Amino acid sequence: MKKLILLCLLLGTVITGNAQTRQTDTFKTRSGKEVTFTCIKHASILIDYDGKTFYFDPVTGLKPETDYTSMPRANYIFITHEHADHFDRMALTQLVSSNTVVFSNPNVGRLYGNARVMKNGEKVVFGDSITLEAVPAYNTTPGREQMHPKGRDNGYILTLDGLRIYVAGDTEDIPEMADIKNIDIAFLPCNQPYTMTTDQLGRAAKTIRPKVLFPYHYNNTPVSRIKVQLSGSGIDVRIRNYQ
């Protein structure tokens, strides 16, 4: 794989319909196209690339409330699983147009009824140089396996013009992460008992070795510890408002 040029611009801001200032990070793909990530909250991410908008797990609920009606309509939406902090019909109503494609795990596909269902291990190519892979996301700690059982939920690897983005979904540091390679930007969750502890996230990051890491879905977890844990690893850890 050719070395990608990752150019981070200075931290920017964008004003949404509910008048909140949001953090953004911009990178460049191997052919020089810009990819901008906007932090919405928790597990909700907006990506702008080549005139298209991509949303991961958009939700209106959780504090602060999010009104998507003044945000760009979605070209693509990716839903990891059916929990209310990831699958929200109101958010979909506000974002979906006649041209929107929603990708989801099988359970959301059954509940929503209008999604392109993907199971763990499936891969699709669409648009111009866009690839989406569904990868496992599940709990392994004894007594917590049914929160996110193996085989039910998705993480996703989205590749935009060679830029590989891993959004892990609700998962612990599972063995399958050893097969996730050449990741430029990773979003890893950090809030036990539902996802990972900071130690688990540190191990996961050292396994995946992304160039840039965004801890997300972290609620009250002291994610600043992750910067210390990964000091000297060569991984650029960026803390944004993903409570």
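The values are calculated or read from the model by the stated rules, or taken from the named source; none is laboratory data. Here the structure is a predicted model, which is why all the values come from computation and not from measurement. Methodologically, a virtual Cβ is constructed for each residue, glycine included, from the backbone with ideal geometry; neighbour enumeration extends over all protein chains shown. With ligands, DNA and RNA removed, areas are computed over all heavy atoms of the protein, side chains included. Shrake-Rupley method; radii C 1.70, N 1.55, O 1.52, S 1.80 Å.
A few remarks follow.
- Residues of region 25-35 that are open to solvent by 10 Å² or more (accessible area, probe 1.4 Å) and either free of Cβ contacts under 8 Å to residues at least 40 places away in the same chain or of a type in the set (D, E, K, R) (or both): 26, 28, 30, 32, 33, 34.
- Residue check for residue 200: within 18 Å of the chain's Cα centre (by Cα), of a type in the set (S, T, N, Q) and at pLDDT below 95: no
- Within region 181-199, the set of residues being within 18 Å of residue 147 (Cβ to Cβ), surrounded by fewer than 24 Cβ atoms within 10 Å (Cβ to Cβ) and β-branched (Val, Ile, Thr) comprises just one member, 197.
- Check on residue 22, in a strand (DSSP E or B), modelled with pLDDT under 95 and either at positive phi or surrounded by fewer than 22 Cβ atoms within 10 Å (Cβ to Cβ) (or both): yes
- Within region 184-203, the residues that satisfy the criterion of being of a type in the set (Val, Ile, Thr) and more than 20 Å from residue 44 (Cβ to Cβ) are 197, 198.
- The C-beta contact set for region 100-117 (first residue under 20 Å from residue 136 (Cβ atoms), second residue among the charged types (D, E, K, R) and open to solvent by 30 Å² or more (accessible area, probe 1.4 Å), distance under 7 angstrom, 6+ apart or interchain) comprises 103/116; 105/152; 106/119; 107/82; 107/152; 108/82.
- Annotation note: Cβ proximity below 6 Å between a residue of region 36-49 that is on the phi > 0 side of the Ramachandran plot and a residue that is modelled with pLDDT under 95 and open to solvent by 10 Å² or more (accessible area, probe 1.4 Å) (sequence gap 6+ or interchain) occurs for 42/62.
- Annotation for region 117-130: at least one member residue is under 21 Å from residue 212 (Cα atoms) and either crowded, with 17+ Cβ neighbours inside 10 Å or not aliphatic (A, V, I, L, M) (or both).
- Selection status of residue 204, in a helix (DSSP H, G or I), among the hydrophobic types (A, V, I, L, M, F, W, C) and open to solvent by 40 Å² or more (accessible area, probe 1.4 Å): no
- Considering residues of region 141-161 that are of a type outside the set (A, V, I, L, M, F, W, C), open to solvent by 10 Å² or more (accessible area, probe 1.4 Å) and in contact (Cβ under 8 Å) with a residue 40 or more places away in the chain only, the residue farthest from residue 188 (Cα to Cα): 161
- Being touching a residue at least 24 places away in the same chain (Cβ under 8 Å), surrounded by 18 or more Cβ atoms within 10 Å (Cβ to Cβ) and over 24 Å from residue 22 (Cβ atoms) is a description that does not apply to residue 59.
- Look at region 128-140: where a residue is on the phi > 0 side of the Ramachandran plot and a partner is part of a loop (DSSP other than H, G, I, E, B), sitting 6+ places away or on another chain with Cβ atoms under 7 Å, you get 129/161.
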